[in-house]
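**Student:** One structure coming up, written as structure tokens, with questions to follow.
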Ligand SMILES: Nc1ncnc2c1ncn2[C@@H]1O[C@H](COP(=O)(O)OP(=O)(O)O)[C@@H](O)[C@H]1O
Ligand SMILES: [Mg+2]
């Protein structure tokens, strides 16, 4: 694949954590991946394999020791903070824990207005946009006056998703966004993410240790093991016929999903995305 086809591309990425008085720890070694516009790349691996570190490197939250990160053809590996703020329009994030990712003392309206006001929106425009955002994540319009603690975990994740899509980003890093939710709520939030992708063409880097979840939402999958990518490919191929022993072990315990139905659904999403580009 040529460079301009990828929305985001990591090349030979290395990240080292250094702390005083301790030996440095190489969390990522030679990691390369690409995410195409409108697709979901599932990033799977056991706890401690470096999944969150990849997301943090893309967001500029950890220093990259070597290698490059390119977004839309532009090298963003070490851009200045001011440029990083500009990039926030295009790259957003949804974290795992809906109980700590939202400021408890801010109303939902203020939480959702913040990214818009930072980018220079007027209050009037921002509040109109908030009504639209609440509707898009299927929360009632009067949610805006309430505080995060008045909502369930699933509803809070909807608020976090609304905040992430406020500026129409092209990529959202989803770091275990449903892992803290019960199964029924997980499915609803995943379906919401899929619905948003279908209507906006946003791409996801979707981090999870749960293969059922990865199968449900991903077009392609990358498998991380101790800071290195050991397998990468179309979701059906990697989940049905994993070639690396680590992936085989990882996938053996996962429940079997309705593969045919999921394939059909992904194909429909692909056609939708292609139609939008024309
Ligand atoms: N700030 C840090 N300082 C030192 N080591 C860290 C830091 N953050 C993460 N690590 C280590 O890096 C490895 C990868 O962590 P992480 O990216 O959080 O993995 P995952 O998200 O796959 O569970 C782990 O061994 C973790 O202990
Ligand atoms: Mg993590």
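The values are calculated or read from the model by the stated rules, or taken from the named source; none is laboratory data. The structure displayed is predicted, hence computed values, not measured ones. Cβ sites come from the backbone with ideal geometry, for glycine too, and all protein chains shown count toward neighbours.
**Student:** Keeping to the stretch 138-180, report how many residues are part of a loop (DSSP other than H, G, I, E, B), more than 16 Å from ligand 2 (Cβ to nearest atom) and either in contact with a helix residue (DSSP H, G or I) (Cβ under 8 Å, 6 or more places away or on another chain) or within 13 Å of residue 94 (Cα to Cα) (or both). Give the steps one after another, and end with the answer.
**Tutor:** Step one: list which residues in the stretch 138-180 are part of a loop (DSSP other than H, G, I, E, B), which gives 138-140, 146-147, 151-152, 166-170, 176-180.
Those left that are additionally more than 16 Å from ligand 2 (Cβ to nearest atom): 138-140, 146-147, 151-152, 166-170.
So of that shortlist, the ones also either in contact with a helix residue (DSSP H, G or I) (Cβ under 8 Å, 6 or more places away or on another chain) or within 13 Å of residue 94 (Cα to Cα) (or both) come out as 138-140, 146-147, 151-152, 166-169.
Going through the stretch 138-180 one residue at a time, the tally reaches 11.
**Student:** Looking only at the stretch 14-32, which residues are away from ligand 2 (no atom under 16 Å from the Cβ) and closer than 18 Å to residue 68 by Cβ?
**Tutor:** In the first step, residues of the stretch 14-32 are kept if they are away from ligand 2 (no atom under 16 Å from the Cβ); the result is 14, 16, 18-24, 26, 29-30, 32.
Answer for the stretch 14-32, where residues must be away from ligand 2 (no atom under 16 Å from the Cβ) and closer than 18 Å to residue 68 by Cβ: 14, 16, 26, 29, 30, 32.
**Student:** Determine, yes or no, whether residue 148 is closer than 30 Å to residue 109 by Cβ, touching a strand residue (DSSP E or B) at 6+ places or on another chain (Cβ under 7 Å) and in contact (Cβ under 8 Å) with a residue 24 or more places away in the chain. Spell out the reasoning first.
**Tutor:** On the way: closer than 30 Å to residue 109 by Cβ: yes; touching a strand residue (DSSP E or B) at 6+ places or on another chain (Cβ under 7 Å): no; in contact (Cβ under 8 Å) with a residue 24 or more places away in the chain: yes.
No; evaluated as a whole, the condition is false for this residue.
**Student:** Another one. With the condition kept exactly as written, say whether any residue in the stretch 183-199 is over 24 Å from residue 53 (Cβ atoms), touching a residue at least 60 places away in the same chain (Cβ under 8 Å) and crowded, with 20+ Cβ neighbours inside 10 Å.
**Tutor:** Within the stretch 183-199 (the criterion being over 24 Å from residue 53 (Cβ atoms), touching a residue at least 60 places away in the same chain (Cβ under 8 Å) and crowded, with 20+ Cβ neighbours inside 10 Å), the answer is yes, since at least one residue qualifies.
**Student:** OK, next. Give the residue that is nearest to ligand 2 (Cβ to nearest atom), with candidates limited to residues of the stretch 46-75 that are at positive phi and surrounded by 15 or more Cβ atoms within 10 Å (Cβ to Cβ). Step through it out loud before you land on a result.
**Tutor:** To start, the set of residues in the stretch 46-75 that are at positive phi comprises 48, 50, 60, 67, 72-73.
Filter once more, keeping what is surrounded by 15 or more Cβ atoms within 10 Å (Cβ to Cβ): 50, 60, 67, 72.
Numbers: 50: 8, 60: 17, 67: 20, 72: 26 Å.
That would be 50.
**Student:** Can you confirm whether residue 102 is under 28 Å from residue 182 (Cα atoms), away from ligand 2 (no atom under 16 Å from the Cβ), in contact with a helix residue (DSSP H, G or I) (Cβ under 8 Å, 6 or more places away or on another chain) and part of a loop (DSSP other than H, G, I, E, B)? Spell out the reasoning first.
**Tutor:** Working: under 28 Å from residue 182 (Cα atoms): yes; away from ligand 2 (no atom under 16 Å from the Cβ): yes; in contact with a helix residue (DSSP H, G or I) (Cβ under 8 Å, 6 or more places away or on another chain): yes; part of a loop (DSSP other than H, G, I, E, B): yes.
Judged against the criteria, residue 102 is a match.
**Student:** Residue 67: in a helix (DSSP H, G or I), modelled with pLDDT of 95 or more, in contact with a strand residue (DSSP E or B) (Cβ under 8 Å, 6 or more places away or on another chain) and within 16 Å of ligand 1 (Cβ to nearest atom), yes or no? Even if it seems obvious, please write down each step before you answer.
**Tutor:** Numbers: in a helix (DSSP H, G or I): no; modelled with pLDDT of 95 or more: yes; in contact with a strand residue (DSSP E or B) (Cβ under 8 Å, 6 or more places away or on another chain): yes; within 16 Å of ligand 1 (Cβ to nearest atom): yes.
No: the conditions fail for residue 67.
**Student:** Consider residue 82 carefully, then state whether it is without any contact (Cβ under 8 Å) to a residue 24 or more places away in the chain, surrounded by 15 or more Cβ atoms within 10 Å (Cβ to Cβ) and more than 16 Å from ligand 1 (Cβ to nearest atom).
**Tutor:** Details: without any contact (Cβ under 8 Å) to a residue 24 or more places away in the chain: yes; surrounded by 15 or more Cβ atoms within 10 Å (Cβ to Cβ): no; more than 16 Å from ligand 1 (Cβ to nearest atom): yes.
The answer is no for residue 82.
**Student:** Name the pairs: first residue in the stretch 52-73 and closer than 18 Å to residue 226 by Cα, second residue in a helix (DSSP H, G or I) and modelled with pLDDT of 95 or more, Cβ to Cβ under 6 Å, at least 6 apart or on different chains?
**Tutor:** 62/56; 64/57
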